[in-house]
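The values are calculated or read from the model by the stated rules, or taken from the named source; none is laboratory data. Quick caveat, the model's predicted, so the values are computed rather than measured. As a convention, Cβ positions derive from the backbone with ideal geometry for all residues, glycine included, and neighbour counts pool all protein chains shown.
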Amino acid sequence: MSEQIFEKVKEVLSQIQEAQPASPEELEAFRIKYLGSKNSIKPLFAEMRNIPNEQKKEFGQKLNELKKTAEAKFAQLKDGLGSTTSKSSAQAIDMTVPVGSLDIGSRHPVSLVLNHMIDVFTRIGFSVAEDREIEDDWHNFTAMNTPEHHPARDMQDTFYLKDSTSMLLRTHTSSVQARMMTAHEPPIRIIAPGRVFRNETISARSHCQFHQVEGLYVDEGVSFADMKQTLLYFAKEMYGAETDIRLRPSYFPFTEPSAEMDVWLGTETETTRKLTKGTGWLEVLGCGMVDPNVLENCGIDSKKYSGYAFGIGIERSAMQKYNISDIRMLFENDTRFLSQFTAAF
Ligand code: DAH
């Protein structure tokens with residue numbers, strides 16, 4: 001007698017396990033059959049009295065297993081049917097709901113400033129010339145009037161390629177001047193934006209990689225006054241119409257005379273005080289008249305032609321513009337930082 005009842009329980013268990021309701025209606029029928037108020041498991045509980053005492057515990061466990069299996073199966077089927085049957089998935093998607101905004105990324109602050117500078121200079125007739133980051137000694141130093149053992153080489157701590165004394169990571173974009181002047185006849189009017197490298201200790205103010213925009217104009221009769229006016233225009237476009245500049249005498253091997261240009265930022269905010277070391281003046285570029293030796297090194301007649309050149313650092317301008325007080329943030333690629341910048345260029 002009890003064996004038959006155990007058999008019956010087994011049968012119902014396999015029926016539950018094998019049931020395959022394929023529509024919400026069939027699923028509802030499954031629910032009514034095994035979990036409803038008149039479900040087919042209930043009568044089995046009534047059989048308890050026919051079970052001998054020593055088997056009652058085992059029987060009770062089997063019935064519970066039956067109930068649990070039915071509940072679990074129902075929950076699983078409900079989820080499955082909700083997402084796979086064509087009818088219910090059509091109901092689940094509302095085509096009229098507006099889509100969420102896409103994460104389309106943002107431009108790096110260095111790119112924003114670089115693009116702004118390119119825009120300013122191309123408007124007055126400069127073309128963009130880009131060249132290699134791995135350079136040879138000649139274009140980076142020798143052609144730029146900085147021969148071997150020249151003390152100015154120590155001004156820029158150079159990364160040489162492994163086992164090489166002549167191949168290096170360019171220390172400035174001035175190497176592009178040599179590339180352009182050896183390949184083209186004047187008039188030459190270019191800007192050369194790009195990344196440069198120096199073996200410097202990394203700190204809040206300096207890094208071993210940064211960006212410059214080189215400028216070069218070579219033609220007949222180019223004067224220092226031309227350069228000054230061009231750079232004043234640049235400063236006003238970049239930093240605002242009220243911007244003041246000052247040119248301080250300086251030294252670079254490739255220009256004579258040479259100067260450094262500062263723009264007035266003031267000392268009002270913490271960032272401007274930090275960037276200007278408390279003076280209010282931010283040094284933004286080096287410039288000068290192209291040294292005749294440089295023209296001759298590159299095969300240009302220095303009696304006929306003259307030129308001016310300048311090299312602008314990008315990072316400091318980006319830091320000033322966006323109130324960034326630590327240059328390292330520009331190279332960490334932390335998207336929480338980068339996603340704050342919205343593109344104007
Ligand atoms: N190459 C210089 C540097 O990296 C910057 C520079 C100064 C570039 C004067 C020029 C220039 O073209 O005329 O520090």
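The single residue among Y233, Y251 that is touching a strand residue (DSSP E or B) at 6+ places or on another chain (Cβ under 9 Å) and either under 21 Å from V222 (Cβ atoms) or in a strand (DSSP E or B) (or both) turns out to be Y251.
Rundown of residues vs (1) under 28 Å from L330 (Cα atoms); (2) not in a helix (DSSP H, G or I), yes/no style:
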site: K57; (1), (2): no, no
site: L77; (1), (2): no, no
site: L114; (1), (2): yes, no
site: I118; (1), (2): yes, no
site: D131; (1), (2): yes, yes
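Restricting attention to the stretch 207-248, the residues being small (G, A, S), surrounded by 14 or more Cβ atoms within 10 Å (Cβ to Cβ) and farther than 20 Å from I118 by Cβ number 0. Filtering the stretch 288-344 to residues that are under 30 Å from P186 (Cβ atoms) and in a loop (DSSP other than H, G, I, E, B) leaves D291, C298, G299, I300, D301, S302, K303, K304, Y305. Number of residues in the stretch 261-304 that are more than 16 Å from the ligand (Cβ to nearest atom), touching a residue at least 24 places away in the same chain (Cβ under 8 Å) and within 30 Å of P147 (Cα to Cα): the value is 2. Entry remark, the stretch 221-230: residues being part of a loop (DSSP other than H, G, I, E, B) and without any contact (Cβ under 8 Å) to a residue 60 or more places away in the chain number 0 in total. Just checking, how many residues over the stretch 254-285 are touching a Lys or Arg at 6+ places or on another chain (Cβ under 9 Å), over 18 Å from L231 (Cβ atoms) and buried (at least 18 other Cβ atoms within 10 Å of the Cβ)? Matching residues across the stretch 254-285 total 1. The requirement of being surrounded by 11 or more Cβ atoms within 10 Å (Cβ to Cβ), at pLDDT 90 or above, polar (S, T, N, Q) and within 20 Å of the chain's Cα centre (by Cα) is fulfilled nowhere in the stretch 90-107; no residue meets it. The condition (being touching a residue at least 24 places away in the same chain (Cβ under 8 Å), more than 11 Å from the ligand (Cβ to nearest atom) and in a strand (DSSP E or B)) is satisfied by just one residue among V213, V218: V218.
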